[in-house]
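Visitor: My questions all concern the structure below.
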Amino acid sequence: MPKKPKNPLRFIRARVNADDVRIQPNAVQEAYDDFEWGRAEIKKCLLKLNDRYYYLDRLKNHFYKHEPHAVFPQEDTHIDFYRAHEILDKESVFTHLYVREKHTTVVVNSFKELYK
C-alpha cells in the first residue's frame, strides 16, 4: 500500500495560505544558494506539492517518506519528506517539513536542490 504524509497537504496548504509557516534560516539559505529563491518562491513550491508516493512515479509524485521527529520524541510529531521534479521554474526540490503536535505552524527545515 502506498504511503501518505503524516501531515495532510490540504492542512499544509491552508497553513501556508494563512502565512502560518516558519521557514528555518538554513532552509531559506539553501533555497537561495541553489535556486536564488526567497520565502515567496518556497511558499509557492509548497502549494504545488502532491502527496502521491514518490516510488510509484518518480517524475510526477512528490511524497517520499515520513519519520518521527528526533527532537520531540514524546510528541506525535513526524517529519514529511518530499522529492519534486521540475515543480517550479523547472527546478527539482528536496524538502522536509513538520507540524508539532497540538500546534498549527508548518516548519520547513530543509529546502534544497534535488539531485537526480
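Visitor: Condition test on residue 31, is it under 23 Å from residue 113 (Cβ atoms) and either of a type in the set (D, E, K, R) or out of contact with any His (no Cβ under 9 Å at 6 or more places or on another chain) (or both)?
Guide: Values: under 23 Å from residue 113 (Cβ atoms): yes; either of a type in the set (D, E, K, R) or out of contact with any His (no Cβ under 9 Å at 6 or more places or on another chain) (or both): yes.
Yes, satisfied.
Visitor: Something else now. Kindly indicate whether any position in segment 45-53 is polar (S, T, N, Q) and in contact with a strand residue (DSSP E or B) (Cβ under 7 Å, 6 or more places away or on another chain).
Guide: Filtering segment 45-53 for residues polar (S, T, N, Q) gives 50.
Narrowing the set further to residues that are in contact with a strand residue (DSSP E or B) (Cβ under 7 Å, 6 or more places away or on another chain) leaves none.
Checked segment 45-53: no residue is polar (S, T, N, Q) and in contact with a strand residue (DSSP E or B) (Cβ under 7 Å, 6 or more places away or on another chain).
Computed from the coordinates by the stated procedures, all read-outs in this text should not be read as laboratory data. Note that the structure is a prediction, hence the values are computed from the model and not measured. Here the Cβ is made from the backbone with ideal geometry for all residues, glycine too, and neighbour counts use every protein chain on show.
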